[in-house]
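What follows is a single structure, written as structure tokens, with notes after it.
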Amino acid sequence: MELTNKQRAALRAMANTLPVILYIGKEGVTDATVKEGYDALKARELIKCSVQQNAPVSPREASDILCEKLGASPVQVIGSKFVLYRRNDKNPKIEI
């Protein structure tokens, strides 16, 4: 799903106060990470992730990999953090 600039800006504003709930560690993006991300997106629709210093991937690479595997849209990548969004069709929580 492609987001418009206006939608992306609204999601960025919502993500400012979110805590980081998904960490990418020294193993990189693993199956367990993908499963956690899938469950979190299903429950919340908007999640903030962080890439640790010793991770083998950059935040941009991790964001791209997770977006592809989860069917999510990237919202922003800043420093070591990134934000992902995927709409829950059955029970949407965020209206943009």
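Throughout, read-outs are computed from the coordinates displayed, never taken from laboratory work. All of these numbers come straight from a predicted model, not from anything done at the bench. For neighbour counting, all protein chains shown are included, and Cβ atoms are generated from backbone atoms with ideal geometry for every residue, glycine included.
List of remarks:
- Only one entry in VAL34, VAL57 is closer than 19 Å to ASN88 by Cβ, β-branched (Val, Ile, Thr) and free of Cβ contacts under 8 Å to residues at least 40 places away in the same chain, namely VAL34.
- Test: residue in segment 71-82 that is within 17 Å of GLU2 (Cα to Cα), touching a Cys at 6+ places or on another chain (Cβ under 9 Å), crowded, with 16+ Cβ neighbours inside 10 Å and touching a residue at least 12 places away in the same chain (Cβ under 8 Å): yes
- Of all residues making up segment 26-45, the number that are outside any helix (DSSP H, G or I) and either acidic (Asp, Glu) or crowded, with 16+ Cβ neighbours inside 10 Å (or both): 3
- Test for ALA55: is it more than 14 Å from the chain's Cα centre (by Cα), loosely packed, with under 13 Cβ neighbours inside 10 Å, over 20 Å from MET14 (Cβ atoms) and small (Gly, Ala, Ser): no
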